[in-house]
1. Between Asn62 and Asn142, what FRET efficiency follows from the Cβ-Cβ distance if R0 is 56 Å, with the result rounded to 0.05?
2. For Arg375 and Glu74, what does the FRET efficiency come to when R0 = 60 Å and r is the distance between their Cβ atoms, rounded to the nearest 0.05?
3. For the chain, with the dipole built from +1 on Lys and Arg beta-carbon atoms and -1 on Asp and Glu ones, taken about the Cα centre, which of Gly310, Gly117, Leu280 lies farthest toward the positive end?
4. Across the chain, where is the longest run that never hits GluC sites (Glu not before Pro) in a DSSP loop with at most 15 other C-beta atoms within 10 Å?
5. Rounded, prolate or oblate, given the Cα gyration tensor of region 412-466, with a/c below 1.5 counting as rounded?
6. Which loop-located trypsin sites (Lys or Arg not before Pro) does region 220-313 contain, where loop means any DSSP state but H, G, I, E or B and the Cβ has at most 14 other Cβ atoms within 10 Å?
7. Would region 269-375 count as rounded, prolate or oblate if I go by the C-alpha gyration tensor, calling it rounded below 1.5 in a/c and otherwise prolate when a/b exceeds b/c, oblate otherwise?
8. Return the carbon/sulfur percentage of the accessible area of the chain, one whole number, probe 1.4 Å, all protein chains in place.
Amino acid sequence: MTESWATFGADLHLHLDLAAGRRLRAGLTEALREAARSGRLAAGTRLPSSRTLAADLGIARNTVAEAYAELVAEGWLTARQGSGTRVAERARPRRAAAAAPVRRPTRKGPSYSLQPGSPDLGGFPRAAWLSAARRALTDAPNEAFGYALDARGRVELRQALAGYLARARGVYADPDRIVLCAGFLHGLTLLAGVLWGRRVREVAVEGYGLDFHRNLLERAGLRTRPLVVDGEGARTAELTASAGAVLLTPAHQFPTGAALTPGRRAAAVDWARTTGGLILEDDYDGEFRYDRQPVGALQGLDPDRVVYLGTASKSLAPGLRMGWMVVPPGLLDEVLAAKGPTDWASSALEQLTLAAFITSGAYDRHVRGMRLRYRRRRDELVAAVAGRVGVSGIAAGLHAVLDLPAGTERSVVQSAAWQDLALHGLSSFRHPEAEVAPRDALVVGYGTPSDSAWSPTLAALAAALP
Ligand SMILES: Cc1ncc(COP(=O)(O)O)c(C=O)c1O
């Protein structure tokens with residue numbers, strides 16, 4: 001058996017026995033038949049003309065024409081004036097019918113979810129994003145299509161963010177010190193490397209938080225030490241000099257929902273100034289504040305000691321993988337060195353689109369619209385559980401904490417699963433070394449369901465509660 005290639009726009013790969021004479025024609029016929037039967041040549045595929053295939057294979061044109069004619073007669077090929085010779089529609093792989101794909105029972109996840117961490121994906125502003133993309137594409141200079149040379153990311157987006165963050169979040173933001181990244185997780189990964197390079201070996205974290213953020217730090221060689229979290233946020237007065245950095249969610253503690261009080265903000269900044277430590281501020285959902293004036297970013301208190309990290313994952317969509325860091329001047333070179341001399345982490349067109357989305361006012365409009373939607377859901381959630389469980393952490397964000405009678409968390413999560421509802425207990429966010437006694441509660445991500453799933457999801461939750 002030898003293998004031959006013929007080109008006719010697309011390559012035709014045949015297993016062909018190139019013996020001479022009649023056997024050659026039979027070999028070609030069988031090779032084409034096998035290709036059509038097995039489905040390797042899909043129905044409708046146009047074959048090369050007999051002249052071209054003959055030339056490619058170095059055989060007589062007649063041999064190819066006869067093979068084609070035989071396969072047309074058998075029904076494997078069709079030959080029509082003007083459209084050439086094609087694999088017939090009914091030349092379905094015969095064996096494939098017998099060996100039809102086995103339908104494995106796929107493990108279906110629960111129908112409803114109140115797991116925190118996602119906005120309502122159905123709320124993504126497709127039309128406004130499309131017009132921003134169109135504008136970005138029209139205005140993009142040619143160099144935007146090349147390899148990026150500035151590891152900070154596109155200046156258009158850094159400028160747009162600097163204006164927005166200063167206005168909406170009270171961040172002291174200079175476009176030169178903004179570094180774009182592929183979401184918070186990417187930013188934290190870069191910072192973990194920088195901290196390790198600075199010989200930091202311990203990072204203080206909140207006693208309740210996301211395990212994959214802690215794990216990321218641990219994988220980078222950094223031991224995580226939990227701070228107690230209560231109704232005022234993390235107890236920052238308990239920070240010690242053994243930690244080189246602290247990771248905080250000051251605007252809306254994840255997951256308990258507390259806002260870090262002014263006293264504790266000041267204590268964090270004092271610690272950073274006296275020990276030379278860094279504060280990593282995770283401002284993941286700061287845009288969504290309902291009851292009070294927006295709680296500003298901690299970074300405004302000391303831009304030299306705080307790395308501000310923002311993300312589009314809650315305000316727009318996690319699938320965008322877009323985030324940003326505002327980096328203290330003394331840290332910028334190290335962060336850029338960690339990111340690499342060129343910025344290939346995210347698409348320039350996406351960055352330009354987000355820039356256009358912000359500068360046109362569409363970002364503010366979208367956030368305002370979603371804030372109303374989430375606020376309505378939050379109110380419905382509070383009404384649905386009123387008198388049954390205590391609710392906290394509801395002044396901001398896309399999740400709330402429902403306190404449960406001691407010892408019932410696990411059984412409520414299990415009973416939610418029976419209601420076809422995915423839920424997280426608060427204990428799943430607890431640092432393994434956290435010193436306070438576990439608190440039985442649910443972390444309810446009311447941003448997660450689509451609008452149409454919201455009511456049945458809420459009903460499933462109500463049915464699962466004790
Ligand atoms: C506490 C916290 N930080 C950050 C993020 C955003 O992460 P990323 O930007 O990597 O999607 C989330 C999203 O769920 C979060 O819950």
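1. 0.55
2. 0.30
3. Gly117
4. 233-432
5. Note, shape of region 412-466 comes out prolate.
6. Within region 220-313, the qualifying trypsin sites (Lys or Arg not before Pro) (loop, at most 14 other Cβ atoms within 10 Å) are Arg292.
7. The shape class here is oblate.
8. 53 percent
The values are calculated or read from the model by the stated rules, or taken from the named source; none is laboratory data. Here the structure is a predicted model, which means the values were calculated and not measured. Cβ: placed from backbone, ideal geometry, glycine included. Neighbour counts: every protein chain shown. Accessible surface is based on the protein model in full, side chains and every heavy atom, while ligands, DNA and RNA are left aside. Shrake-Rupley method; radii C 1.70, N 1.55, O 1.52, S 1.80 Å.
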